[in-house]
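Below you'll find the structure, written out as structure tokens, and then a few comments.
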Amino acid sequence: MKSKNLFLAAMLMVYPSAMMAQQNVKKAFDALLKDNIVEIKTHHSLERDPETGRKESQADVYDLMITDPSVLHHIKDIQKAFEKDNEAAYQLRTVSHAGSGPDYTSLAVGDGRPQPVAIGRMKGSDYIYACFLDKDDPEKKYRYAYAMEWVEKEKRINVRLAITYATTQQYRQSHHRMKRITINGQNLNFDSNSFPFGNSFPFDSSSVFISDSLSFNFSKTTESWLSEFNTFKNLFLKNPNSTASNYYASYIYKLCKKADELDELEKKMVIRELEKLKKSTDDELMQQMFDTSINRLKK
């Protein structure tokens with residue numbers, strides 16, 4: 001336990017900017033790690049630019065087991081902490097009963113080339129994650145991702161906590177040359193920074209896919225499309241003038257470019273919400289993105 005507490009103290013020194021944006025989530029993670037738990041496995045990695053000392057990559061993963069009922073309140077505490085920090089996040093997602101298919105999340109590490117951290121692979125688990133821009137990065141290309149996955153099994157709860165530091169998905173996509181392949185009729189993008197999932201992935205061991213902080217759900221349903229749209233719509237409306245609002249608008253714009261899953265009534269419903277978004281901001285570029293999204297849906 002002493003070594004764990006020393007590590008946590010060191011982590012607080014490493015994450016000065018993280019504490020500003022996601023201080024509630026970080027405190028809730030630390031509270032669980034300091035309590036009566038069983039550590040099954042942990043993984044820590046950190047890389048810096050050798051010339052500047054600038055952090056470029058980090059991953060901290062804790063696989064834990066809770067058997068003490070008095071510790072269970074930490075699960076709710078962490079969920080509430082995500083809610084408290086959600087306005088500082090540019091991406092937030094919750095999933096119930098994961099692990100039964102390919103719809104899980106892979107949190108990128110560094111520039112996306114190192115092995116990512118999987119969240120949602122435990123059968124029947126729930127998970128939540130959020131991404132926060134690094135406040136100390138003037139280029140706004142790096143982010144922190146915090147995630148918790150948990151599932152109850154025979155009077156115990158298995159938990160995975162994860163913190164990763166990486167470039168944002170938007171930055172990686174803008175700097176990588178993309179290619180497209182088709183497997184079993186499904187179009188998949190990949191690039192030179194893709195990674196192998198091995199035999200655990202639903203296809204074969206030679207398949208490679210982009211590391212990202214989004215769910216892998218290759219056959220997006222109407223429900224999942226609308227769920228993603230509603231999540232980012234609500235995040236945008238909470239503070240249309242925040243630094244993250246441009247990211248939310250860009251993500252909604254990207255969603256509307258690929259809305260083939262929606263029928264005519266659903267498109268009309270989304271258009272009404274887009275008109276609300278447009279009225280909520282004075283930023284001309286974001287207004288144009290919402291206008292273009294509306295026009296695409298009307299075609």
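Odds and ends about this structure:
- Residues in region 282-299 that are part of a helix (DSSP H, G or I), out of contact with any helix residue (DSSP H, G or I) (no Cβ under 6 Å at 6 or more places or on another chain) and closer than 21 Å to D260 by Cβ: D291, T292, N295, K298.
- Within region 1-42, the residues that satisfy the criterion of being open to solvent by less than 70 Å² (accessible area, probe 1.4 Å), within 19 Å of the chain's Cα centre (by Cα) and modelled with pLDDT of 55 or more are A21, Q22, N24, V25, K26, A28, F29.
- Helices (runs of 4 or more DSSP H) enclosed by region 193-281 - at least 2 residues per element that are closer than 30 Å to A59 by Cα and at pLDDT below 85: 222-238, 245-257
- I78 meets the conditions (1) at pLDDT below 95; (2) β-branched (V, I, T); (3) buried (at least 17 other Cβ atoms within 10 Å of the Cβ) in every case but one. The failed one is (1).
- Every residue from region 144-156 that is open to solvent by 50 Å² or more (accessible area, probe 1.4 Å) and either at positive phi or of a type in the set (S, T, Y) (or both): E154, K155
- Residues of region 51-64 that turn out to be surrounded by fewer than 17 Cβ atoms within 10 Å (Cβ to Cβ) and either among the small types (G, A, S) or at pLDDT below 90 (or both), as a count: 3
- Only one of the listed residues (T67, T94) is open to solvent by 60 Å² or more (accessible area, probe 1.4 Å), of a type in the set (S, T, Y) and more than 30 Å from S245 (Cα to Cα). That residue is T67.
- Subset tally (residues that are open to solvent by less than 70 Å² (accessible area, probe 1.4 Å) and either modelled with pLDDT of 80 or more or over 29 Å from S125 (Cβ atoms) (or both)) for region 157-183: 17
- The set of residues from region 97-125 being open to solvent by 20 Å² or more (accessible area, probe 1.4 Å), modelled with pLDDT of 85 or more and out of contact with any helix residue (DSSP H, G or I) (no Cβ under 9 Å at 6 or more places or on another chain) comprises M122, K123, G124.
- Note on region 244-295: among residues that are open to solvent by less than 30 Å² (accessible area, probe 1.4 Å), among the small types (G, A, S) and closer than 25 Å to K135 by Cβ, the one that is nearest to the chain's Cα centre (by Cα) is A244.
- Filter pass, S45 being modelled with pLDDT under 90, surrounded by fewer than 18 Cβ atoms within 10 Å (Cβ to Cβ) and either hydroxyl-bearing (S, T, Y) or touching a Cys at 6+ places or on another chain (Cβ under 7 Å) (or both): no
- Residue check, T221 surrounded by fewer than 17 Cβ atoms within 10 Å (Cβ to Cβ), touching a residue at least 12 places away in the same chain (Cβ under 8 Å) and of a type in the set (V, I, T): yes
- Across region 46-78, the number of residues qualifying as in contact with a helix residue (DSSP H, G or I) (Cβ under 9 Å, 6 or more places away or on another chain) and polar (S, T, N, Q) comes to 1.
- In a residue-by-residue description of region 132-143, the property of being touching a Lys or Arg at 6+ places or on another chain (Cβ under 7 Å), at pLDDT 90 or above and open to solvent by 10 Å² or more (accessible area, probe 1.4 Å) applies to at least one position.
The values are calculated or read from the model by the stated rules, or taken from the named source; none is laboratory data. These figures come from a predicted structure and were not determined experimentally. Note: ideal-geometry Cβ built from the backbone for every residue, glycine included; neighbour counts use all protein chains shown. Only protein heavy atoms, including side chains, enter the accessible area calculation; ligands, DNA and RNA are left aside. Shrake-Rupley method; radii C 1.70, N 1.55, O 1.52, S 1.80 Å.
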